[in-house]
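The values are calculated or read from the model by the stated rules, or taken from the named source; none is laboratory data. Treat the numbers as computed from the prediction; the structure is a model and nothing was measured. Heads up, the Cβs are rebuilt from the backbone with ideal geometry, glycines too, and the neighbour counts pull from every protein chain shown. These area figures cover heavy atoms from the full protein model, side chains too; ligands, DNA and RNA do not enter into them. Shrake-Rupley method; radii C 1.70, N 1.55, O 1.52, S 1.80 Å.
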Amino acid sequence: MNMKAMRLHAINEFTLDEVPKPVPKGDEVLVKLAACGICGSDIPRVYELGTRVFPVTIGHEFSGTICEVGDESNRDLIGKTAAVFPLIPCRKCDSCQTGNYAQCSNYNYLGSRSDGGFAEYCLVPSKWHLVFSNNPSTSKEDLALVEPATVAQHALRRGGVAAGDTVVILGAGPIGIMAARWAGIFGAKQVILVDIADIKVEFAKQRGFTVINSVKEDCPQIIKDMTEGRGADVVIEGTGSSGGMNTAVECVRAFGRIAMLGNPHQDTTIKLANHSNILRKEITVSGVWNSYYLNVPVNEWKFTVENIDSGKLKVSDLITHKSDLQNLKKLFDQIYTHEITICKAIYSAE
């Protein structure tokens with residue numbers, strides 16, 4: 001039996017193919033796809049960077065319903081809906097032995113190194129990768145956004161956000177808005193989003209956020225004015241750019257914290273005065289990579305699903321564009337050429 005899948009064969013060779021439908025064996029489970037988000041990293045992966053292996057079905061932000069199992073002892077999973085944790089750790093290296101799977105030195109990954117979610121079905125290594133919703137009202141599309149929402153949550157934790165903090169988030173895309181919502185859940189006193197694009201500024205404002213356009217406004221001065229001259233307790237740098245990093249240093253208070261969330265696309269240059277400010281202010285700068293999946297102290301994926309289930313974390317209003325598999329390449333092209341402006345675009349099989 002065959003299925004349809006969007007396969008990347010080479011850079012800019014992204015096609016809808018008919019391939020054999022996987023058959024689960026042993027611990028494996030087969031997931032019927034419900035939805036898969038287009039990550040910001042998927043666009044350069046298709047048009048500029050490629051993947052480690054070809055061909056491969058990309059897409060790592062996905063949810064679906066278990067339809068087949070390799071081991072009959074897992075038959076009770078059939079019919080259940082889940083978000084899928086795409087990282088496949090080796091379980092042997094030092095990082096894996098301490099539960100830091102995102103730092104695995106020999107990992108695999110659904111959607112970039114193994115077949116992922118832009119397909120009718122996806123073979124998942126085991127039920128360990130499944131995070132189940134306990135609320136029948138939670139949509140499968142919401143569950144497809146668990147991965148980026150958890151990355152946003154992880155950034156807040158790396159930044160040490162605590163109740164009463166003023167949090168500045170540079171970048172008002174989907175993860176930036178999710179981070180802002182997490183900051184509210186974590187008890188932040190003030191949450192301020194910053195972007196350079198009018199359309200993103202307006203989109204975030206429509207969702208109730210205080211937003212600064214750093215091209216048109218003096219962002220560091222506004223932050224100082226809003227904090228009685230102190231600066232932000234935490235800055236989440238979500239742009240991966242030189243401008244973003246310099247703005248983060250200028251906006252954060254003495255002894256404040258910067259979490260570097262945004263992936264860089266070129267060398268980052270820090271101004272001499274801001275390098276000195278990192279030293280003078282004794283700023284703590286933390287890297288952010290992926291998320292944390294061990295149950296102790298907190299399984300961030302399960303915590304995300306719990307907050308979506310309870311209605312505390314809203315994600316559905318960030319989806320601005322949807323496509324089926326047949327039209328997915330066109331949607332990718334439109335995003336890449338900036339023909340359309342998205343917040344979050346997804347493949348929806350519903």
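Tabulated data
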| read-out | value |
| --- | --- |
| Filter result for the condition that a residue is of a type in the set (Val, Ile, Thr), open to solvent by 30 Å² or more (accessible area, probe 1.4 Å) and closer than 17 Å to Pro297 by Cα, over Thr98, Thr150 | Thr98 |
| Region 181-190 - residue that is open to solvent by 30 Å² or more (accessible area, probe 1.4 Å) and hydrophobic (A, V, I, L, M, F, W, C) and, of those, nearest to Val146 (Cα to Cα) | Ile185 |
| Test: residue in region 201-214 that is in a helix (DSSP H, G or I) and of a type in the set (D, E, K, R) | yes |
| Failed criterion for Ser310 (all others in (1) closer than 30 Å to Glu48 by Cβ; (2) hydroxyl-bearing (Ser, Thr, Tyr); (3) touching a residue at least 40 places away in the same chain (Cβ under 8 Å) hold) | (1) |
| Restricting region 278-332 to residues that are farther than 30 Å from Asn12 by Cβ and among the aromatic types (Phe, Trp, Tyr), the residue that is surrounded by the most Cβ atoms within 10 Å (Cβ to Cβ) | Trp301 |
| Selected residue (only one of Leu30, Leu87 is in contact with an Asp or Glu (Cβ under 6 Å, 6 or more places away or on another chain), in contact (Cβ under 8 Å) with a residue 60 or more places away in the chain, within 30 Å of His321 (Cβ to Cβ) and crowded, with 17+ Cβ neighbours inside 10 Å) | Leu30 |
| Wholly within region 96-195, strands (runs of 3 or more DSSP E) carrying at least 3 residues that are in contact (Cβ under 8 Å) with a residue 60 or more places away in the chain and closer than 21 Å to Trp289 by Cβ | 166-170 |
| Residue ID - farthest from Cys251 (Cα to Cα), chosen from residues in region 198-216 that are open to solvent by less than 30 Å² (accessible area, probe 1.4 Å) and not β-branched (Val, Ile, Thr) | Ala204 |
